[in-house]
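Asker: Below is one structure. I have some questions about it.
The values are calculated or read from the model by the stated rules, or taken from the named source; none is laboratory data. The structure presented is a predicted model; accordingly, all values stated were derived computationally and were not measured. Here the Cβ positions follow ideal geometry from the backbone for every residue, glycine too, while neighbour counts run over all protein chains shown. Note: areas computed on protein heavy atoms with side chains; ligands, DNA, RNA excluded. Shrake-Rupley method; radii C 1.70, N 1.55, O 1.52, S 1.80 Å.
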Amino acid sequence: MENRYTGKCLCGGVTYAVNGAPLVVAQCHCEECRRLSGTGHTVGAMFPLDAVTVKGNLHRFKYVSATGSTVTKMFCPTCGSPVYGQNTRTPNHVTLSLGTMDDARDLRVEVVIFSQDTPHWDDLSEDVVSFATQPDWQPDN
C-alpha cells in the first residue's frame with residue numbers, strides 16, 4: 001500500500017495531499033529556519049514535486065542561502081503557517097513542514113542539519129518538566 005499524507009495550514013485555507021514516502025525527514029537549525037519557525041528548528045519531509053498536490057492561496061518568500069542556492073518558502077497569507085519550501089539545488093522536490101501534516105506518526109527525523117547552530121535553549125535535557133497537556137497554571141502577578 002502506498003503512503004498517503006495530507007495536511008493543512010492553521011486556518012485550513014491551504015491543504016495538500018502527497019502520495020508516496022518522503023525521501024528524507026530532516027530537522028534544521030540554520031538561522032533562516034529558526035526565524036521561519038520562531039523556534040530553534042524546523043522539521044520537514046522532502047517529497048518529489050510531482051507527488052504533491054496543493055490547494056489554496058499561497059504567498060512566497062525567496063532568499064539566497066549561504067551555499068548560493070535560492071530558497072522559496074511558501075506560506076498561508078491568512079494564518080502565516082509555513083507550508084513548504086523549495087530549493088534550486090533540488091528543483092524537482094518540495095519539503096513540507098511536518099507540523100502541518102494531519103498524521104505524521106510513522107515519520108521520524110532521520111538527519112539533523114546545521115546542528116552547529118542549535119541554540120542552547122532548544123536542547124532539552126532530562127530535567128526539563130514535561131506536561132502531557134496544557135498545565136493548569138497561572139503566573140504570579
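Asker: How much area per residue is accessible in region 40-102 when the probe is 1.4 Å and only protein heavy atoms are counted (Å²)? Show your work: numbers first, answer last.
Answerer: Working: 3330 Å² over 63 residues.
For region 40-102, the per-residue accessible area is 53 Å².
Asker: While we're on this one: List the residues of region 98-122 whose backbone N lies under 16 Å from a point placed 7 Å from the Cα of residue 4 along the Cα-to-Cβ direction.
Answerer: Once the point is set 7 Å along Cα→Cβ of residue 4, 102-104 turn out to lie under 16 Å by backbone N, inside region 98-122.
Asker: I'd like the accessible area for residue 41: 1.4 Å probe, protein heavy atoms, all chains in place, Å² to the nearest 10.
Answerer: Answer for residue 41: close to 50 Å² accessible.
Asker: Note down the nm distance, to one decimal, between modelled labels 7 Å out along Cα→Cβ at residue 109 and at residue 88.
Answerer: Each label point is offset 7 Å from its Cα along the Cβ direction, giving 2.9 nm.
Asker: Between residue 124 and residue 17, what is the label-to-label distance in nm when each label sits 7 Å out along the Cα-to-Cβ direction?
Answerer: So the label points at residue 124 and residue 17 sit 3.3 nm apart.
Asker: Just how far, in whole angstrom, is region 103-122 from region 1-55 if you go by their alpha carbon centroids?
Answerer: So the two Cα centres are separated by 14 Å.
Asker: Highest mean first, what order results for 10-22, 98-110 on Cβ atoms within 10 Å?
Answerer: 10-22, 98-110
Asker: Hey, of (i) 14.4, 43; (ii) 16.3, 55; (iii) 15.7, 52, which did the structure itself give for Rg and Dmax of the Cα atoms in Å when calculated?
Answerer: Label of the calculated value: (ii).
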